[in-house]
Amino acid sequence: MLDFINPKVIAGVQIFAALGIARFWTTWLRTEHKEPWLPTGYVEHERCFVYPDSVLATLMVLSAILLFIGNPLGERLTLVCGGMMLFLTVIDTAYFLQNGMFAKEKGGGEHVPLILLLIFVSLLMILRFL
């Protein structure tokens with residue numbers, strides 16, 4: 001569908017996204033989350049994402065390497081990564097909506113752009129190799 005986009009560009013996006021995930025969790029795990037508006041169970045909810053996000057980041061690096069060397073498995077693995085990212089983003093979006101976390105005073109200034117970026121990257125990975 002997006003055949004005009006070079007697979008190596010997608011590979012670069014995946015590397016960048018994997019680094020972004022690693023940076024996010026490195027920062028998030030070192031930060032106290034004591035904002036009074038955070039919903040009960042927020043930390044526990046978010047901590048559950050460390051594991052699937054780590055798997056996703058690892059698979060994105062692997063699929064990027066495969067794309068860089070021209071191995072067709074890279075395209076299929078990129079589709080898996082796009083689906084994983086979209087699924088995890090939908091879960092976060094639902095949680096943020098249910099808890100009013102898109103409101104400006106509840107971190108919406110960070111949450112909205114991050115969700116939109118994740119949806120964009122997910123769709124880019126999916127639509128390029130679908």
- Message: Scan the stretch 85-104 and tell me whether some residue there is touching a Pro at 6+ places or on another chain (Cβ under 8 Å), at pLDDT 95 or above and part of a helix (DSSP H, G or I).
- Response: yes
- Message: Checking the structure you have, find out if any residue of the stretch 97-109 is under 20 Å from Leu56 (Cα atoms) and surrounded by 14 or more Cβ atoms within 10 Å (Cβ to Cβ).
- Response: no
- Task: Inspect the stretch 71-81 for any residue being among the basic types (Lys, Arg), modelled with pLDDT of 95 or more, over 16 Å from Ala18 (Cα atoms) and open to solvent by 70 Å² or more (accessible area, probe 1.4 Å) and give the result as yes or no.
- Result: yes
- Output the residues belonging to the stretch 28-58 that are without any contact (Cβ under 8 Å) to a residue 24 or more places away in the chain, part of a helix (DSSP H, G or I) and among the acidic types (Asp, Glu). Glu44, Glu46
- Query: Is there any pair with a first residue in the stretch 100-116 that is within 22 Å of Met85 (Cα to Cα) and a second that is surrounded by fewer than 12 Cβ atoms within 10 Å (Cβ to Cβ) whose Cβ atoms are under 9 Å apart and which are 6 or more apart or on different chains, and what are they?
  - Reply: Gly107/Glu35
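Can you find even one residue in the stretch 2-19 that is modelled with pLDDT under 95 and surrounded by 10 or more Cβ atoms within 10 Å (Cβ to Cβ)? Even if it seems obvious, please write down each step before you answer.
First, pick out the residues of the stretch 2-19 that are modelled with pLDDT under 95: 2-4.
Restricting the remaining residues to those that are surrounded by 10 or more Cβ atoms within 10 Å (Cβ to Cβ) gives 2.
Checked against the condition, which is being modelled with pLDDT under 95 and surrounded by 10 or more Cβ atoms within 10 Å (Cβ to Cβ), the stretch 2-19 yields at least one hit.
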- Message: Condition first: in contact (Cβ under 8 Å) with a residue 60 or more places away in the chain and within 15 Å of the chain's Cα centre (by Cα). Now tell me which residues in the stretch 70-99 satisfy that.
- Response: Thr78, Cys81, Met85
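Hey, can you tell me all the residues within the stretch 84-98 that are out of contact with any helix residue (DSSP H, G or I) (no Cβ under 8 Å at 6 or more places or on another chain) and more than 19 Å from Gln14 (Cβ to Cβ)?
So the first thing to find is which residues in the stretch 84-98 are out of contact with any helix residue (DSSP H, G or I) (no Cβ under 8 Å at 6 or more places or on another chain), and the list is 87, 90-91, 94, 97-98.
Scanning the stretch 84-98 gives Val90, Ile91, Ala94, Leu97, Gln98.
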- Note on the structure: Among (1) open to solvent by less than 60 Å² (accessible area, probe 1.4 Å); (2) among the hydrophobic types (A, V, I, L, M, F, W, C); (3) in a helix (DSSP H, G or I), Phe120 falls short only on (1)
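Could you list, in sequence order, the residues of the stretch 1-27 that are in contact with a helix residue (DSSP H, G or I) (Cβ under 7 Å, 6 or more places away or on another chain) and assigned to a helix (DSSP H, G or I)?
Pro7, Lys8, Ile10, Ala11, Val13, Gln14, Ile15, Ala17, Ala18, Ile21, Ala22, Trp25
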- Query: Out of Val112, Val61, which single residue is at pLDDT 95 or above and either open to solvent by less than 50 Å² (accessible area, probe 1.4 Å) or part of a helix (DSSP H, G or I) (or both)?
  - Reply: Val61
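The values are calculated or read from the model by the stated rules, or taken from the named source; none is laboratory data. Just so you know, these numbers come straight off a predicted model, no measurement behind them. Neighbour counts are summed over all protein chains in view; Cβ atoms, including those assigned to glycine, are modelled from backbone coordinates with ideal geometry. All accessible areas refer to the heavy atoms of the entire protein, side chains included, with ligands and DNA or RNA removed. Shrake-Rupley method; radii C 1.70, N 1.55, O 1.52, S 1.80 Å.
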